[in-house]
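For reference, the structure is listed below as structure tokens.
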4 protein chains.
Amino acid sequence: MTPPAELAETGRDFYARGWARGASGNFSVLLARRPLRLCITAAGNEKGTLDETNFLELDDDAEIVQGFGRPSDETLMHLSIYRLRPKARCILYSQTVWGMVLSDRHYVDGSISMQGYEAVKGLSGVASHEHIERLPIVENSQDQVALSHVLENVLIENPLVHGIYIRRHGLYTWGETVAETRRNVEIFEFLFEVLGRTGNIQ
Amino acid sequence: MTPPAELAETGRDFYARGWARGASGNFSVLLARRPLRLCITAAGNEKGTLDETNFLELDDDAEIVQGFGRPSDETLMHLSIYRLRPKARCILYSQTVWGMVLSDRHYVDGSISMQGYEAVKGLSGVASHEHIERLPIVENSQDQVALSHVLENVLIENPLVHGIYIRRHGLYTWGETVAETRRNVEIFEFLFEVLGRTGNIQ
Amino acid sequence: MTPPAELAETGRDFYARGWARGASGNFSVLLARRPLRLCITAAGNEKGTLDETNFLELDDDAEIVQGFGRPSDETLMHLSIYRLRPKARCILYSQTVWGMVLSDRHYVDGSISMQGYEAVKGLSGVASHEHIERLPIVENSQDQVALSHVLENVLIENPLVHGIYIRRHGLYTWGETVAETRRNVEIFEFLFEVLGRTGNIQ
Amino acid sequence: MTPPAELAETGRDFYARGWARGASGNFSVLLARRPLRLCITAAGNEKGTLDETNFLELDDDAEIVQGFGRPSDETLMHLSIYRLRPKARCILYSQTVWGMVLSDRHYVDGSISMQGYEAVKGLSGVASHEHIERLPIVENSQDQVALSHVLENVLIENPLVHGIYIRRHGLYTWGETVAETRRNVEIFEFLFEVLGRTGNIQ
């Protein structure tokens, strides 16, 4: 499958799972590093009916190289992640009830902490349930430039994390392939629900 | 698609999502403003198997212009909304567990308040997660005339709201198209579950 | 559709909704009153793959008139309901998480009480959300004769109820047709979840 | 169906139900007792797209007799179960939110206790809702040899249990056929959710 086809299928699947709704959600694949070329969702398309034409090819200034439409508002965040995660070749966004609840509940802690679950071994490169995954929580902002700078600092300070949660917004996860990234999302969303129902608030 | 076909498809989708059950639920599209012509669900049809023949064309006295059957009991509320929301061309009703729970929990507050969630940007015309959406909660009544008068006052007092919740009944949402209205419902129902699970009662 | 075909379709649908699991669940249709003839599920069949051959025709002594297999253990309860509810022509059983939880939580009250919800109007013959539906809760027993006698007393003492809950077992609902009975189940199961999530325990 | 085909179908179904995610999950069928021959999932395959080629035939030293790939890490546990449960011919693993929550909540009790639910009769050989099923909870470990020894002791000490829960890992269930084992899983997972929502934490 072409990157747009693979991301379109991913978007429709996320919609069906309740991980995206309406036109929200943004997904990308890195086409090349030098010069940087990005395939990313165009803004405003229904995720439930996403198709190959709903994607744009951008350069590292977020300028459109190919395709029609406006890039996702979150493009700058995608660029920041690709710059600071040299192995990442795919970035997916998911927005779910339990992630939202935990991003509030654990905002004061600065992160959603996962340890002791066999399922964490599903995250890329994790070998034991004793691995501690501390998913950073970042405050949301409509200023995409400011938000992407905050994101960059968090990525630098947390070299090992598999994702970042924008408070009351959603989860950004990355991986070396679309399939690996989807597995990471699947693990995070599962553990969000487990943590959510385990705490004294569900 | 014709308005009846589009609303029938919407009804079947709402049923499949658990947003409608049995014969409950009422959906309409505004066909014309002067003279006012309305396409609305006939009463008593299963929403899971709704088809184009389950709709009536009415005038602004709720008199049947075309089609067979009895108009939805809630027709007067639809008329009130179209009268007081000049841009509305579609009204949808949804009845869900979390909406029901919140309409009870927040009845004393007079509204279900949503702020700080990126998802509110999915509501028509909302540009920031800092937007405050205060969804009014109205007490239910079997007297449709009285209920529609209450509804009219609430619509006048709350010019910016995207919907109204009839306590322990369901949500009324409107928009300029069926698609836009469905997006609004999708956002509200998502945030209802988030708020429901965030509070100290789920 | 023939009664067995209609009940088989209902069983598969209940399984798909999580209202039945494995071989549990028993469904019947009254074929005739004098002499009484019953079409009921044979014991031990998977509800997810139920077909027309998984039903038996019985008389009012629960003797097999037609078909192969053993009648559902709950046959005596079906006979009791048909005897004491002259208008009932269908009985359905559903077993769900929320019904189970409420049958425990409200066992001390003797019933699960539903009032104030517009959805109660979905129950046969209910005209207002102010209607009070008090669903009796009966303690479970492996002695089907004893259990059916208890059921009969409850049916006599509660002439207006639309169903009975066997504690930690499941819900029995009836109606004049399979479709009407399914609507009643749909309403009860929806309200069970609403009540479950509204209380201080979910 | 061949054992690999039946297990592949089971894996895809478990994935669709949310009982398995990503590449997690391990399923086996006993092909022969003397000499012992096992058909078990190869490691690292997506459960949502499992097919007949994703299985290996092993002997009682976990040596590959047929097929390509690496046996599931949990192979030793499967061997332990088959050795100590002479009637078992199938072992299934499921990993769900509610099981995870209960394995934490009841870890101090040493087991998840189920009694009084009609649904327990769905477990192989259980005749009454008064049956007490005490599902042992075992601490997780990455040392599969140590873990399988612990499992063996638990199996010896609890001759009547239908499954074992590895804390924060998942449920192991067995039966005489794949169908019977799936029914057992279905009952356990249903009761996990009931217990989870009944307690003061959901």
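The values are calculated or read from the model by the stated rules, or taken from the named source; none is laboratory data. What you see is a predicted model, and the numbers here were worked out from it, not measured in a lab. Counting neighbours? That spans all protein chains shown, and the Cβs are built from the backbone with ideal geometry, glycine included. The protein model used for the area step is the full one, side chains on, heavy atoms only, and it has no ligands, DNA or RNA in it. Shrake-Rupley method; radii C 1.70, N 1.55, O 1.52, S 1.80 Å.
Remarks
- Qualifying position, being within 8 Å of another protein chain (Cβ to nearest Cβ) and either within 15 Å of the chain's Cα centre (by Cα) or surrounded by 24 or more Cβ atoms within 10 Å (Cβ to Cβ) (or both), among A:His169, A:His162: A:His169
- Counting only residues that are charged (D, E, K, R) and more than 9 Å from every other protein chain (Cβ to nearest Cβ), the range D:172-188 holds 2 of them.
- Among the candidates B:Thr75, B:Thr96, the residue that is closer than 23 Å to A:Ser24 by Cβ and polar (S, T, N, Q) is uniquely B:Thr96.
- All told, D:Ile64 falls short of being away from every other protein chain (no Cβ under 14 Å), hydrophobic (A, V, I, L, M, F, W, C) and crowded, with 21+ Cβ neighbours inside 10 Å.
- Only one of the numbered conditions (1) in contact with a Ser or Thr (Cβ under 6 Å, 6 or more places away or on another chain); (2) away from chain C (no Cβ under 14 Å); (3) open to solvent by less than 30 Å² (accessible area, probe 1.4 Å) is not met by B:Val154, and that is (1).
- Residues in the range A:29-47 that are within 16 Å of A:Thr177 (Cβ to Cβ) and open to solvent by 60 Å² or more (accessible area, probe 1.4 Å): A:Leu31, A:Arg33.
- Among the residues of the range D:112-136, those identified as more than 25 Å from C:Tyr107 (Cα to Cα) and open to solvent by 20 Å² or more (accessible area, probe 1.4 Å) are D:Ser124, D:Gly125.
- Tally of residues being touching a His at 6+ places or on another chain (Cβ under 6 Å) and within 30 Å of C:Arg37 (Cβ to Cβ) across the range C:66-114: 1
- Scanning the range B:173-192 for residues that are of a type in the set (Gly, Ala, Ser) and either in contact (Cβ under 8 Å) with a residue 24 or more places away in the chain or buried (at least 24 other Cβ atoms within 10 Å of the Cβ) (or both) yields one hit, B:Gly175.
- Answer residue from the range C:79-102, given it is within 12 Å of another protein chain (Cβ to nearest Cβ) and not β-branched (Val, Ile, Thr) and is most open to solvent (accessible area, probe 1.4 Å) among those: C:Trp98
- Residue satisfying all of: in the range A:134-148; in contact (Cβ under 8 Å) with a residue 40 or more places away in the chain and of a type outside the set (A, V, I, L, M); nearest to A:Trp174 (Cα to Cα) among these: A:Ser148
- Being out of contact with any Gly (no Cβ under 6 Å at 6 or more places or on another chain) and free of Cβ contacts under 8 Å to residues at least 12 places away in the same chain is true of A:Val108.
- Single residue of the range D:10-28 satisfying the filter (among the hydrophobic types (A, V, I, L, M, F, W, C) and part of a helix (DSSP H, G or I)) that is most open to solvent (accessible area, probe 1.4 Å): D:Ala16
- Among the conditions (1) under 18 Å from the mean Cα position of the chain (by Cα); (2) of a type outside the set (Ser, Thr, Tyr); (3) part of a strand (DSSP E or B), C:Ala32 misses just one, which is (1).
- Unmet criterion (only one of (1) under 24 Å from A:Ile187 (Cα atoms); (2) of a type in the set (S, T, N, Q); (3) open to solvent by less than 10 Å² (accessible area, probe 1.4 Å)) for D:Ser148: (1)
- Within the set D:Leu7, D:Leu56, D:Leu76, the sole residue that is crowded, with 18+ Cβ neighbours inside 10 Å, more than 14 Å from chain A (Cβ to nearest Cβ) and in a strand (DSSP E or B) turns out to be D:Leu56.
- Which listed residue is touching a Phe, Trp or Tyr at 6+ places or on another chain (Cβ under 8 Å) and acidic (Asp, Glu), from B:Glu133, B:Glu152, B:Glu74: B:Glu74
Residue by residue, here is whether (1) away from chain C (no Cβ under 14 Å); (2) closer than 26 Å to C:Leu102 by Cβ holds:
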site: D:His106; (1), (2): yes, yes
site: D:Ile112; (1), (2): yes, yes
site: D:Ser124; (1), (2): no, no
site: D:Val150; (1), (2): yes, no
